[in-house]
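Q: I have a structure I would like to understand better, so I am pasting it below and will then ask my questions one at a time.
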Amino acid sequence: MIRKSILALLICASACADSDVIAITDVTVVDVALGETEAGQTVLVSGRRILEVGPSGVVDVPRGARRVEGSGRFLIPGLWDMHVHTSSDEISRQTILPLFIANGVTGVRIMAADCFEEEPPGCREEGFPEALPTIFTVREWQKEVAEGRQVGPRMFAGSYYMNSPSPDEPSTPYYPRTEEHGRAHARLLYGRGVDFAKIYSGLSREAFFGFADEASSLGLRFEGHTPFSVWPSEVSDAGQRSIEHLGFGNVEMECSTDAERLRHRLVEEFDTPTPELLPILLEQVATYHPMKCRELAELFVQNGTWVTPTFMVARLPRELGQGWRSEPYARFLHSAERALWESREPLYDQDLGTAEERADHSRWTRELTRWMHEAGVRVLAGSDAGEVGVYWGIGLHQELALMVSAGLTEADVLRAATLSAAEFMGAADTLGSIEPGKSADLVLLDGDPLENIRNTQRIAAVLAQGRLFDEDQLEAVLVGAQPGER
């Protein structure tokens, strides 16, 4: 554990006199890099940064500092949900952004953060009456969060879904099918200033490779699905940083001994008005070959390709409880979001089967994730919050529990939601661990998450960019996040 440093002394010289220091005393600090704990520590926070970490008998708490009792508690870095969706400006501000903080999620990667004003279909989803945010709206959220005028997490914001149009519609720079328009799309997103491009399943092969080449030359990151028309190995070689939803027609496809035929079927089926993908996915599982998967894992490790399993969207029947309508978190569901979930649910069941029908595939996805992790492939924690049945904030904690059930250790999973997220974003120098000089994004827990990952839900306090939310304030945030409540 890191002791007092010259950096801490320099910071304190200018900050401590202002009595803005928060002291978390006699706490057990969780080292997510090593998967270890160190008890009896005091952590000083000044402004937005961690000032000092060290033994409680050694660290000097400045006079006038606000003390937070840490005895019997555990301190972890702020959690990151690396696959989320927001909603309209109003719903996101009132409900979604505060829910993340109330659940200790101090950072999120938004996977569809920029609808196009010029293309109305991109700004509205079927069955959802309100406009979705542009990247410029998200930048306003970020500014207000940083200034303390909006309760919310840090945000790593991606483009809207990068997809090709249906076969009877023309290719455009907004929805590209050709290589030329794929390149134009890269320039468009780069100009809008998104943090990364979100690749989607229906993107054509020509558009993907045109986009990937242009994006790489511009320095624009791209992450997301593996298009059905492209092999995961090709996506990795092209520079895609992450593959989302491990298992849904992507990685297990290339592990199949009948991969070419099944991929052709998948591309054809996806373009039909009412696609039924589950039979193809089950065939992929039945024709799995371990050597092919091993070669793919080695390529991912070599290229630095990460995976985000998103188990929450493929829960087993016994994990669904009474369904999302009966969960206590349903009180946070705005009427427009509820209507959207109601309309989407039967379509998902048609495309991918019910939870019972896809159970074998869901189990296989977990086995594949565990095996990829053991082979050295880097794993991120993402819940797909905002999709049917996955609530914002609490969804990440549920995802972490499913990752442990898949065979990863508590330490592996906690690291995936903290330090690994920071490393993936190139921000490990400021985020992801509890060290002097790093950002003060912290979660105080009433139980050890390395013993039981469900202890991440036992939140006593949250610091988000140095802003402290104690238990009473967190409860107030939850009350205010309910639709109609202020």
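Q: What fraction of the Cα pairs in segment 108-262, stated in percent, has a spacing above 27 angstrom? Provide the component values of the computation, followed by the final result.
A: Details: 3011 of 11935 pairs.
When every Cα pair of segment 108-262 is considered, 25 percent fall beyond 27 Å.
Q: Which three lengths, in whole Å and largest first, does segment 355-399 cover when its Cα atoms are put on their principal axes?
A: 31, 27, 13
Q: Another question, then. On C-alpha positions alone, give me the angle between the axis of helix 205-218 and the longest principal axis of the chain, in degrees, nearest 10.
A: 40 degrees
Q: Still on this structure, I have one more. Per residue, how much accessible surface does segment 258-307 expose to a 1.4 Å probe? Answer in Å², no decimals. Each step should come with its number before you reach the end.
A: Values: 2680 Å² over 50 residues.
With all protein chains present, segment 258-307 gives 54 Å² per residue.
Q: If each of residue 479 and residue 303 carries a label point 7 Å out from its Cα toward its Cβ, how far apart are those two points in nm?
A: Distance between label points: 5.2 nm.
Q: Right, another one. Stretched out fully, how many nm does the piece from residue 294 to residue 20 gain, at 0.36 nm a residue minus the Cα gap?
A: Working: separation 274, 0.36 × 274 = 98.64 nm, distance 5.26 nm.
Full extension of this stretch gives 93.4 nm more.
Q: Looking at the chain only, what percent of DSSP beta bridges run antiparallel? Nearest 5 please.
A: Working: 27 of 54 bridges.
Given both bridge residues lie in the chain, the antiparallel proportion sits at roughly 50 percent.
Q: Report Rg (one decimal) and Dmax (nearest whole number) for segment 396-476, counting Cα atoms only, units Å.
A: When restricted to Cα atoms, segment 396-476 yields Rg and Dmax of 13.3, 36 Å.
Q: As an exercise, use a Förster radius of 56 Å and the Cβ-Cβ distance of residue 357 and residue 63 to find the FRET efficiency, rounded to the nearest 0.05.
A: Working: r = 64 Å, r/R0 = 1.15.
With R0 = 56 Å, the Cβ-Cβ based efficiency is 0.30.
Q: Could I ask something else about it? List the relative contact order of the chain as a percent without decimals, with contacts defined as Cα pairs under 8 Å and 6+ residues apart.
A: Numbers: 1036 pairs, mean separation 94.3, N = 486.
That works out to 19 percent.
Q: Quick one: give the max-minus-min coordinate of the C-alpha atoms of segment 239-337 along each principal axis, largest first, in Å.
A: Largest first, segment 239-337 extends 46, 33, 27 Å along its Cα principal axes.
Q: Taking the alpha-carbon centroid of each part, what is the distance from segment 431-468 to segment 36-56 in angstrom?
A: If we compute the Cα centre of each part, the gap is 11 Å.
Q: Any idea how far apart residue 331 and residue 38 come out in nm if each label point goes 7 Å out from Cα toward Cβ?
A: Output for this residue pair reads 4.1 nm.
Q: Further question on the same structure: Once every Cα of segment 194-272 carries one equal point scatterer and solvent is ignored, give the base-10 log of I(q)/I(0) from the Debye formula at q = 0.19, 0.20 Å⁻¹, two decimals.
A: -0.76, -0.83
Q: Return P(r) of the chain (all Cα-Cα pairs; 10 Å bins starting at 0; whole %; ordered from short to long distances).
A: With a bin width of 10 Å, the distribution comes to 4, 20, 30, 27, 14, 5, 1, 0.
Q: For segment 41-178, state the average projected area of the convex hull of the C-alpha atoms over all orientations, rounded to one decimal in nm².
A: Details: hull surface 46.9 nm².
Convex hull of Cα atoms, orientation-averaged projection: 11.7 nm².
Q: Using label points projected 7 Å from each Cα along Cα→Cβ, tell me how many nm separate residue 347 and residue 367, to one decimal.
A: Inter-label distance under the simple model: 3.2 nm.
Q: A follow-up question, please. Counting helices only, and only those DSSP H runs with n ≥ 4, report the 222 nm mean residue ellipticity of the chain as the sum of -39,500 (n - 2.57) divided by its residues, in deg cm²/dmol to the nearest 500. Intermediate results must be reported in sequence, preceding the final value.
A: Details: 17 runs with 175 residues, N = 486.
Helices in the chain give a 222 nm mean residue ellipticity of -10500 deg cm²/dmol.
Q: Mind giving me the FRET efficiency for residue 257 and residue 446? R0 is 45 Å, r the Cβ-Cβ distance, nearest 0.05 is fine. List each step's numbers first, then the result.
A: Values: r = 50 Å, r/R0 = 1.10.
FRET efficiency, residue 257 to residue 446: 0.35.
Q: Just the accessible area per residue of segment 418-468, please: how many Å² with a 1.4 Å probe? Write out the running numbers ahead of the final one.
A: Values: 1580 Å² over 51 residues.
Per-residue accessible area for segment 418-468 comes out at 31 Å².
Q: Please give the Cα centre distance for segment 65-103 versus segment 395-425, rounded to the nearest Å.
A: Taking the Cα centre of each part, segment 65-103 and segment 395-425 sit 16 Å apart.
Q: Would you mind checking the tilt of helix 259-270 against the longest principal axis of the Cα atoms of the chain, expressed as 0 to 90 degrees and rounded to 10?
A: With rounding to tens, the tilt is 90 degrees.
Q: Quick one: pull the percent of accessible area on the chain belonging to carbon and sulfur, 1.4 Å probe, ligands and nucleic acids left out. Don't skip to the answer; put the middle values down first.
A: Working: 9270 of 18790 Å².
Carbon-and-sulfur percentage of accessible area, whole number: 49.
Q: Residues in segment 338-353, backbone N under 17 Å from the label point at residue 265 (7 Å along the Cα-to-beta-carbon vector): list them, ranges by number please.
A: 351-353
The values are calculated or read from the model by the stated rules, or taken from the named source; none is laboratory data. The shown structure was predicted, so the numbers you read here are calculated from the model rather than taken from an experiment. Note that we place each Cβ from the backbone using ideal geometry, even for glycine, and neighbour counts take in every protein chain shown. Side chains are part of the model used for accessible areas, which takes the heavy atoms of the whole protein and leaves out ligands, DNA and RNA. Shrake-Rupley method; radii C 1.70, N 1.55, O 1.52, S 1.80 Å.
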